[in-house]
Amino acid sequence: MIGQLGTAVLLVGAVVALGLAVVAGLRERLHVPTVTRAALVPLAGLAVVGIATLLVGHVGLLGAWLPFGLAAAGTVTAVAARRPVGVLLAELVVGARAQVRLTPVPVLAVAAGLGVAAIAALAPPLRIDELEYHWAAPVEWAAAGSWNDSPYKHVDGFPFMEIVYTAAATQGSYVAAHLLHLLTLPALGLAAAGAARVMGVRATGAVAAAAMAMPVVWDQAYTAYNDTAASAFAAAAVALALATAAPAGTLAATVRAGPTGVRTAGRTLTTGLVATSVLLAVAISIKPTSAAAAGAVGLALLLRWWAEAHRPAGAYRTVVRQWLVLGATAVLTLGFWSVRQWLITGYLVDPALGATPSVDVLSRLPSRTDQLLVPVMPLVTGLVGSQEPWGGRTSLVVQLLLVPALAYVLWRRGTVLRRFTLLGATAWVHWLVLGTQVVRTRFHGLSWVLLVGAVRVALEDAAERHPRWRPWLEIAWAGGVLLGLADVSFEMVRAIAQI
């Protein structure tokens with residue numbers, strides 16, 4: 001055994017190396033904003049590690065060698081692709097520096113917060129779900145050397161992150177599992193920023209910071225949970241679809257170049273659609289409720305087509321074909337994991353889902369009044385307390401600025417309204433579809449981070465039209481991020497105290 005930190009170094013290094021190699025290899029075929037590439041690096045690496053671990057487990061070879069093998073594979077792959085990886089790294093560094101210069105306070109503050117979160121990841125498992133199944137099942141699988149019918153709930157059906165954690169469990173390293181999940185927090189913020197960039201937002205660093213600095217995604221990111229990861233893959237799917245789906249000459253292709261740069265979109269529709277489908281498949285493999293993200297991507301593509309001032313003839317047919325691919329991705333992914341669960345356990349559907357709800361569960365289900373309030377909850381959630389069904393505070397930037405932003409775009413109308421609507425309506429419908437039944441706000445990370453981007457669209461338009469407003473708007477944004485970081489600091493301090 002190489003210890004908690006040694007395993008973490010091997011596996012985090014493997015994820016980063018493999019992710020860099022994959023994204024660098026697709027660089028010439030996926031013309032997307034730099035910030036979207038940055039989001040894809042950890043997600044691509046986690047996808048490769050998860051798939052490799054899944055295959056190893058099915059041939060009964062799970063063991064202490066696995067972190068070494070993954071690290072070696074990552075090293076060899078990155079070295080073999082060193083030239084494109086070097087170009088990608090240079091692009092990412094230039095983009096990061098530009099964002100620090102543009103909005104230094106939120107970017108640097110969240111970077112420091114991520115450092116503290118990495119320290120909090122050293123704490124032993126403390127959260128209930130982590131102890132009951134997210135980490136318990138990987139430990140058992142690692143000991144068995146293969147996948148088996150786990151006695152723990154919710155892990156036989158859609159266990160992609162638990163499979164990733166199994167690579168860490170082969171060395172008994174909960175720290176590695178925590179850090180692997182933590183990688184998805186910056187990926188989530190960067191993916192939200194990528195979607196906003198396609199809508200013309202320049203300060204993508206500010207969007208990423210605000211999308212991360214909220215308890216609903218931050219508080220469990222440094223534990224072996226799966227909510228932040230599912231949201232990150234779903235948000236990346238939205239960002240990638242928006243960046244690659246529009247024909248040249250349309251909204252995405254004509255957005256002015258900002259500090260991070262944006263290449264002409266629409267030349268890599270096929271590659272982009274395949275990559276988007278892979279991201280959605282992983283999101284659903286982590287959490288089956290992420291099937292709703294396929295609908296969110298489809299809605300975003302439809303709104304994208306609607307938002308174009310000059311729609312190319314037949315463009316709607318492309319949208320329909322994309323819908324078919326997205327729907328097939330969701331169905332096939334749900335089917336794959338259900339059949340796999342049946343082969344291992346003898347049942348297609350997790351029995352825990354059909355069991356009689358406990359008193360505790362019933363107390364957290366939405367009442368009829370709660371369901372009627374669903375449409376307006378994104379405007380106020382986070383200000384009404386932390387108890388279910390509306391528990392979990394969202395971004396303070398959204399809480400402070402969403403209503404003013406909505407009023408502003410309705411007043412200005414035109415292009416800014418269409419760009420705001422594309423992100424805002426996608427977020428709202430995603431919330432509406434799931435919110436009547438699945439009410440825990442941490443299940444809806446995709447909605448909250450897309451709302452951050454929508455607010456930034458309105459803010460930058462207002463600042464451009466009214467330069468005197470800019471300092472005050474940026475102060476409000478930075479203040480919301482700083483207050484959000486203060487909000488998440490309490491849980492981090494509690495975790496660090498357990499080290």
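The values are calculated or read from the model by the stated rules, or taken from the named source; none is laboratory data. Nothing here was measured: the structure is a model prediction, and the numbers come from that model. Here Cβ is always computed from backbone atoms with ideal geometry, including for glycine, and neighbour counts include all displayed protein chains.
Could you please let me know if A71 is closer than 19 Å to L10 by Cβ, in contact (Cβ under 8 Å) with a residue 60 or more places away in the chain and either surrounded by fewer than 20 Cβ atoms within 10 Å (Cβ to Cβ) or among the small types (G, A, S) (or both)?
Values: closer than 19 Å to L10 by Cβ: yes; in contact (Cβ under 8 Å) with a residue 60 or more places away in the chain: yes; either surrounded by fewer than 20 Cβ atoms within 10 Å (Cβ to Cβ) or among the small types (G, A, S) (or both): yes.
Considered against the rule, which asks whether it is closer than 19 Å to L10 by Cβ, in contact (Cβ under 8 Å) with a residue 60 or more places away in the chain and either surrounded by fewer than 20 Cβ atoms within 10 Å (Cβ to Cβ) or among the small types (G, A, S) (or both), A71 comes out as yes.
Out of all the residues in the stretch 123-151, which are surrounded by fewer than 21 Cβ atoms within 10 Å (Cβ to Cβ), touching a Ser or Thr at 6+ places or on another chain (Cβ under 6 Å) and without any contact (Cβ under 8 Å) to a residue 40 or more places away in the chain?
Passing the criteria: none in range.
Does G50 satisfy being part of a helix (DSSP H, G or I), in contact with a Phe, Trp or Tyr (Cβ under 7 Å, 6 or more places away or on another chain), touching a residue at least 24 places away in the same chain (Cβ under 8 Å) and of a type outside the set (V, I, T)?
yes
Going residue by residue through the stretch 405-415, is there one that turns out to be outside any helix (DSSP H, G or I) and modelled with pLDDT of 90 or more?
Yes, that holds for at least one residue.
List the number of the failed condition for H31; all other conditions in (1) modelled with pLDDT of 95 or more; (2) buried (at least 18 other Cβ atoms within 10 Å of the Cβ); (3) more than 20 Å from L10 (Cβ to Cβ) hold.
(1)
Does H154 satisfy being touching a residue at least 40 places away in the same chain (Cβ under 8 Å), buried (at least 24 other Cβ atoms within 10 Å of the Cβ) and touching a Phe, Trp or Tyr at 6+ places or on another chain (Cβ under 7 Å)? It would help to see each step written out before you state the result.
Details: touching a residue at least 40 places away in the same chain (Cβ under 8 Å): yes; buried (at least 24 other Cβ atoms within 10 Å of the Cβ): no; touching a Phe, Trp or Tyr at 6+ places or on another chain (Cβ under 7 Å): yes.
Judged against the criteria, H154 is not a match.
Mind checking whether some residue in the stretch 130-139 is at pLDDT 95 or above, in contact with a Leu (Cβ under 9 Å, 6 or more places away or on another chain) and under 24 Å from I2 (Cβ atoms)?
No, the stretch 130-139 contains no residue that is at pLDDT 95 or above, in contact with a Leu (Cβ under 9 Å, 6 or more places away or on another chain) and under 24 Å from I2 (Cβ atoms).
So, in the stretch 86-115, how many residues would count as being under 19 Å from L485 (Cβ atoms) and in contact with a Leu (Cβ under 9 Å, 6 or more places away or on another chain)?
Total satisfying the criteria: 8.
Examine the stretch 91-100 for a residue that is closer than 22 Å to L190 by Cβ, among the acidic types (D, E) and either at pLDDT 95 or above or buried (at least 22 other Cβ atoms within 10 Å of the Cβ) (or both), and state whether such a residue exists.
Initially, the stretch 91-100 is screened for residues closer than 22 Å to L190 by Cβ, giving 91-100.
Narrowing further to those that are among the acidic types (D, E): 91.
This time we only want the ones that are either at pLDDT 95 or above or buried (at least 22 other Cβ atoms within 10 Å of the Cβ) (or both), so: 91.
Looking for residues that are closer than 22 Å to L190 by Cβ, among the acidic types (D, E) and either at pLDDT 95 or above or buried (at least 22 other Cβ atoms within 10 Å of the Cβ) (or both), one finds at least one in the stretch 91-100, hence yes.
Quick one: in the stretch 1-28, of everything that is touching a Pro at 6+ places or on another chain (Cβ under 7 Å) and within 15 Å of T170 (Cα to Cα), which residue is surrounded by the most Cβ atoms within 10 Å (Cβ to Cβ)?
Going through the qualifying residues, I end up with L11.
Could you say which residue among G295, G314, G354, G249 is surrounded by fewer than 17 Cβ atoms within 10 Å (Cβ to Cβ) and either at pLDDT 80 or above or closer than 25 Å to T204 by Cα (or both)? Spell out the reasoning first.
Values: G295 fails: surrounded by fewer than 17 Cβ atoms within 10 Å (Cβ to Cβ); G314 fails: either at pLDDT 80 or above or closer than 25 Å to T204 by Cα (or both); G354 fails: either at pLDDT 80 or above or closer than 25 Å to T204 by Cα (or both).
Testing whether each residue is surrounded by fewer than 17 Cβ atoms within 10 Å (Cβ to Cβ) and either at pLDDT 80 or above or closer than 25 Å to T204 by Cα (or both) leaves just G249.
Given the conditions (1) surrounded by 17 or more Cβ atoms within 10 Å (Cβ to Cβ); (2) within 26 Å of A195 (Cα to Cα); (3) not charged (D, E, K, R), which single one is not true for V56?
(2)
From A454, A463, which residue is surrounded by fewer than 24 Cβ atoms within 10 Å (Cβ to Cβ), under 21 Å from W411 (Cα atoms) and at pLDDT 95 or above? Step through it out loud before you land on a result.
Numbers: A454 fails: surrounded by fewer than 24 Cβ atoms within 10 Å (Cβ to Cβ).
The unique qualifying residue is A463.
What pairs come out if I take residues in the stretch 333-348 that are farther than 17 Å from L280 by Cβ and pair them with residues that are assigned to a helix (DSSP H, G or I) and among the hydroxyl-bearing types (S, T, Y) whose C-beta lies under 6 Å away, six or more apart or interchain?
L348/S338
Return a yes/no flag: does the stretch 319-330 have any residue that is in a loop (DSSP other than H, G, I, E, B), under 25 Å from R419 (Cβ atoms) and either at pLDDT 80 or above or more than 23 Å from the chain's Cα centre (by Cα) (or both). Even if it seems obvious, please write down each step before you answer.
Pass one, the stretch 319-330, residues in a loop (DSSP other than H, G, I, E, B): none.
There is no residue in the stretch 319-330 that is in a loop (DSSP other than H, G, I, E, B), under 25 Å from R419 (Cβ atoms) and either at pLDDT 80 or above or more than 23 Å from the chain's Cα centre (by Cα) (or both).
Filter the stretch 1-28 down to residues that are over 21 Å from the mean Cα position of the chain (by Cα) and not in a helix (DSSP H, G or I) and give me whichever is modelled with the highest pLDDT.
This residue is E28.
Going by what's in this entry, would R83 be described as out of contact with any strand residue (DSSP E or B) (no Cβ under 6 Å at 6 or more places or on another chain), of a type outside the set (D, E), modelled with pLDDT under 95 and surrounded by fewer than 22 Cβ atoms within 10 Å (Cβ to Cβ)?
Numbers: out of contact with any strand residue (DSSP E or B) (no Cβ under 6 Å at 6 or more places or on another chain): yes; of a type outside the set (D, E): yes; modelled with pLDDT under 95: no; surrounded by fewer than 22 Cβ atoms within 10 Å (Cβ to Cβ): yes.
Judged against the criteria, R83 is not a match.
Specify the residue that is surrounded by the fewest Cβ atoms within 10 Å (Cβ to Cβ); the eligible residues are those in the stretch 425-451 that are at pLDDT below 80 and among the β-branched types (V, I, T).
Filtering first and then ranking leaves T436.
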